[in-house]
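Please treat every number below as a calculation from the coordinates, not as lab data. Quick caveat, the model's predicted, so the values are computed rather than measured. Neighbour counts run over all protein chains shown; Cβ positions are idealised from the backbone, glycine included.
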Amino acid sequence: MTTSAIFDVDGTLVDSVDLHALAWHEAFAQFGHAVTFEQARSQIGKGGDQLLPVFLSSAQQQDYGEALETWRSKRFRSTYLPMLRPFSAVPELFRRVRDAGLKIAVASSAKQEELEIYLELAGIAKLIDVSASSEDAEQSKPAPDIFQAALKKLDMPAAQAVAIGDTPYDAQAAKKAGMRTIGVLCGGFTEASLREGGCIEVYPGPGALYSCFGASALATG
């Protein structure tokens, strides 16, 4: 029986993956690293704590990792955040989930301040029960911390919760937290990579999940 749904946000509810990848690409270039847009994009879904070690040595992280991430954050907020748009049918999906009697959480590696902007933009700020952000976790996905924080706030058992995300890192984190994962393709990862990560179902995006809700793990348990 499914009693709760925990949604990732970036790439799942809002079309932000390319924008985050551009900000990371530019940040690495600013600090002298030739990290391509495609290389950065392949790591979106992780927080900075998990992404930086892919491209920087331990010494580089200690020397200027924090400064690089701060530059990226400012760049994203000033240049790319105004471009961010939600995917279609997100509020409709959330209302359908609520009508089915499920509790709803969002679990994002974003800072709480940014997360609140995303929720307002997507029209779902008043449709969720709890939220978990980077402030609630020691490590970002694919570590399970953020999902575990959401489960704790929901006071729901992991076995009765389903995560919804757009990256293999969401599925890996959810599995470590004891949850199943529904994948969506709107973040740009392939169905094969999502299923390899552990997704039990894959849909094109929130609109497709809304249309197929009755046959999904959210409804059938």
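Within segment 114-133, restricting attention to residues that are under 15 Å from the mean Cα position of the chain (by Cα) and among the acidic types (Asp, Glu), which residue is surrounded by the most Cβ atoms within 10 Å (Cβ to Cβ)? Among those residues, the one meeting the criterion is GLU114. Total residues in segment 82-100 satisfying the condition of being in contact (Cβ under 8 Å) with a residue 60 or more places away in the chain and surrounded by fewer than 18 Cβ atoms within 10 Å (Cβ to Cβ): the figure is 6.
For segment 1-23, filtered to residues that are in a helix (DSSP H, G or I) and touching a Lys or Arg at 6+ places or on another chain (Cβ under 6 Å), the residue that is surrounded by the most Cβ atoms within 10 Å (Cβ to Cβ) is ALA23. Within the bounds of segment 133-141, is there any residue that is of a type in the set (Lys, Arg) and out of contact with any Asp or Glu (no Cβ under 9 Å at 6 or more places or on another chain)? No, segment 133-141 has no match at all. Out of segment 94-110, which residues are farther than 30 Å from GLN50 by Cα and either part of a helix (DSSP H, G or I) or under 20 Å from the mean Cα position of the chain (by Cα) (or both)? Within segment 94-110, ARG95, ARG96, VAL97, ARG98, ASP99, LEU102 qualify. If only residues of segment 184-221 that are in contact with a Lys or Arg (Cβ under 7 Å, 6 or more places away or on another chain) and free of Cβ contacts under 8 Å to residues at least 24 places away in the same chain are counted, the one that is surrounded by the fewest Cβ atoms within 10 Å (Cβ to Cβ) is ILE200. Applying the condition of being in contact (Cβ under 8 Å) with a residue 40 or more places away in the chain and part of a helix (DSSP H, G or I) to segment 154-168 and asking which residue is farthest from GLY197 (Cα to Cα) yields LEU154.
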